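What follows is a single structure, written as structure tokens, with notes after it.
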Amino acid sequence: MKNLLLLSNSTNYGEQYMQWCKGIIASFVSGSEDSILFVPYAAVDFSYKVYTQKVNDALSEFGISVTNIDDIPDKQNAIKNTKAIFVGGGNTFHLLKKIQELNLVDEIQQVVKNGTYYVGWSAGSNLAAPTICTTNDMPIVQPHSFDAFRLINFQINPHYTEQILENHGGESRTKRLQEYLAVNKDQMILCMPEGTHLRVIDDKSKFYGEGGKLMKLGEELLISDGFTFQD
């Protein structure tokens, strides 16, 4: 049974790190606090150790302590024996490239499909989708491919916003996602504003928060707290 918690972001504006979501995460992994692997490879301009400590500091009040997978020599064995996998935010291209180089894509996909809890935020949520093609991030490195974990059958756009800067000539977020659908006509995108999250159990997904949207080619469906759909 798949059990996924996918968060749009880790930190809301003006709040402490994980302030809005740490209780949600703790409730999701209740009973598995002592066996959690953290995948920190979305970090680019700070170390994986610093990132891991940041997560542990934020979740310590719930008795949660994550282990940095980068510190473990036999990563595939660690993945097979953990109860939960956390995949943090940062740069999605850097994250996927590193996971591909370590040959961990298939291993993570398999254990999560067999019941290992998966928690992702931002870039980590992107990787749950079939591809990373709807990320907001700059491609600062080139992965082997854009194919991700395929834990769900739809794309995700975290940090979704419809705001447009005055006098700014660039494309809106909506326009860019419409372009993706124009050349990927059978796909669906879940647009997740900040402060929202998704619970996935097998092929059933439930959205929490406000201002969400499901996009298909030529179609847009606004969704709100408690909206449920089939994968």
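Here, each number is a calculation from the coordinates, and none is a lab measurement. Remember, it's a predicted structure, so these values are computed and weren't measured experimentally. With ideal geometry, Cβ positions are generated from the backbone for all residues, glycine too; neighbour counts draw on all protein chains shown.
Can you list the residues, at least 5 places off or on another chain, whose amide H is less than 5 Å from the amide H of residue 87, using H built in the peptide plane?
39, 119, 120, 121
Compute the distribution of all C-alpha to C-alpha distances in the range 125-204, in bins of 10 Å from 0, and list the percent of pairs in each, rounded to whole numbers.
Per 10 Å bin, starting at zero, the Cα-Cα P(r) for the range 125-204 comes out as 16, 47, 31, 6, 0 percent.
Please report the equivalent ellipsoid semi-axes of the range 157-231, computed as sqrt(5 x eigenvalue) of the Cα gyration tensor, largest first, in whole Å.
Working from the Cα gyration tensor, I get semi-axes of 23, 16, 9 Å.
Using all Cα-Cα distances in the chain, what percent lands in each 10 angstrom bin from 0 up to the longest?
Going from the shortest bin to the longest, the percentages are 8, 35, 39, 16, 3, 0.
Give 54/175; 22/175; 175/206; 80/175; 80/213 a once-over and call out the pairs whose C-alpha atoms are over 30 Å from each other.
Over 30 Å Cα-Cα: 54/175; 22/175; 80/175; 80/213.
Under the rule of at least 5 residues apart or a separate chain, name every residue whose amide H is placed under 5 Å from the amide H of residue 160.
Amide H neighbours of residue 160, under 5 Å, 5+ apart: 192, 194.
Where does the range 96-231 land on the Kirkwood hydrodynamic radius, alpha-carbon pairs, in angstrom?
Taking every pair of different Cα atoms in the range 96-231, averaging 1/r and inverting gives 15.7 Å.
State the volume of the convex hull built on the alpha-carbon positions of the range 2-63, expressed per residue in Å³ and rounded to an integer.
Normalising the Cα hull of the range 2-63 by residue number yields 108 Å³.
Summing -39500 (n - 2.57) over the DSSP H runs of n ≥ 4 in the chain and dividing by its residue number, what mean residue ellipticity at 222 nm do you reach, to the nearest 500 deg cm²/dmol?
-7000 deg cm²/dmol
May I ask you to derive the relative contact order of the range 1-101, considering only C-alpha pairs under 8 Å and at least 6 residues apart, and to give it as an integer percent?
33
Can you tell me which of 159-172, 117-130 comes out highest on packing, and rank the rest after it, using the mean Cβ neighbours within 10 Å?
117-130, 159-172
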